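Single-structure report; data block below.
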Amino acid sequence: MLKACLNGGVLRHEHPAVPITPAEVAADAVRCESVGAVAVHVHPRDEEGRETLAAEAVDATVAALRRACPELPVGVSTGAWMAPDPGERVAAIESWRVLPDFASVNAHEEGAERVAAALHARGIGVEAGLWTPAAVAAYQGWRVPCVRLLLECMEPEEEPAVANARAMLAALGEGQRVPVLLHAEGSAVWAVLREAVRLGLHTRVGLEDTRMMPDGTMAPDNRALVEAALTIRLTPGSSV
């Protein structure tokens, strides 16, 4: 599975093609789906362009995506930077009226399992975001079922990022059955994506994670990033 992560917290001055409004997000998802993305991950924004868990923004964004690409699975973030209090995050989830298919929960954040339980109670698939082997250990104590594990390598350099990916996979062990999606952010994106291809794991790409193409040039948009990633997936070891 290749997921397109369309916007994250990226602002327009950081990349002119980042989708912010529900209409922009929906149009971008259509473009990414047309070249091979099979799911999208988005961060709904408020009227000032800030990431938010508020029902008004989440409902509008998910509804726009449903209208534009009804067969495409849609996910959102529940990052604590949007609402530091776990109770506030749970209340926001309980207020949503148009539900995404899945949502990510960072296992290292305070109240993570409580947030995951709130998602599960509403029928929203839980993706556990794991950044370190310690986060893997925290997740392994959860009682909430997950649809996917997101191994997220945040190291700025390629070698440490790939090493962290391997350490997290080792910490998970061979017996775990939950599907794994491996990805990175910043300059390590393409090295970790190739590692995911090599290992036969799910992965993702988009302006949330990188603004650069594999050759180091600026990516024009999310569609170009998805196309480049799929080329690598079709030809493992490619240097495109």
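Quick notes on this one:
- Probe 1.4 Å - accessible area at residue 108, Å² to nearest ten: 100
- Normalised by the number of residues in segment 136-208, the mean separation of alpha-carbon contacts (under 8 Å, six or more apart) gives a relative contact order of 33 percent.
- Rounded to the nearest 20 debye, the dipole magnitude of segment 36-110 is 320 debye, with +1 charges on Lys and Arg beta carbons, -1 on Asp and Glu beta carbons, and the Cα centre as origin.
- Heavy-atom SASA rank of 230, 130, 11 (probe 1.4 Å, accessible area, largest first): 11, 230, 130
- Note on the chain: dipole from Cβ charges, positive end direction compared against 107, 222, 202; the farthest Cα belongs to 202.
- Sequence of 34, 104 from largest to smallest accessible area, 1.4 Å probe: 34, 104
- Convex hull of Cα atoms in segment 10-83, direction-averaged projection (nm²): 4.9
- Using a cutoff of 8 angstrom between alpha carbon atoms and counting only pairs six or more residues apart, the relative contact order for the chain works out to 19 percent.
- The residues of segment 49-132 expose on average 39 square angstrom of accessible surface per residue, using a 1.4 Å probe on protein heavy atoms.
- Square roots of five times the Cα gyration tensor eigenvalues for segment 48-171, Å: 26, 16, 14
- Each 5 Å bin from 0 upward holds the following percent of the Cα-Cα pairs of segment 110-182: 3, 16, 27, 24, 15, 9, 4, 1.
- Placing +1 on the Cβ of every Lys and Arg and -1 on the Cβ of every Asp and Glu, with nothing else charged, gives the chain a dipole about its Cα centre of roughly 720 debye.
- Taking the Cα centre of segment 96-235 as origin and assigning +1 to Lys and Arg Cβ atoms and -1 to Asp and Glu Cβ atoms, the resulting dipole is close to 600 debye.
- Among 145, 40, 79 the positive-end extreme of the charge dipole of the chain (Cβ point charges): 145
- Protein accessible area in the chain, 1.4 Å probe - carbon and sulfur %: 54
- By the Stokes-Einstein formula, at 1.567 mPa s and 4 °C, segment 182-228 with its Kirkwood radius over alpha-carbon pairs has D equal to 123 µm²/s.
- Segment 1-61-segment 159-183 distance, computed between alpha-carbon centres (Å): 27
- Probe 1.4 Å - accessible area at residue 93, Å² to nearest ten: 0
- With distances taken between every two different alpha-carbon atoms, segment 1-43 has a Kirkwood hydrodynamic radius of 10.5 Å.
- When restricted to Cα atoms, segment 86-240 yields an Rg and a Dmax of 16.2, 46 Å, respectively.
- By a 1.4 Å probe calculation restricted to protein chains, residue 31 has an accessible surface near 100 Å², given to the nearest 10.
The values are calculated or read from the model by the stated rules, or taken from the named source; none is laboratory data. Computed from a predicted structure; not experimentally measured. Heads up, the Cβs are rebuilt from the backbone with ideal geometry, glycines too, and the neighbour counts pull from every protein chain shown. These area figures cover heavy atoms from the full protein model, side chains too; ligands, DNA and RNA do not enter into them. Shrake-Rupley method; radii C 1.70, N 1.55, O 1.52, S 1.80 Å.
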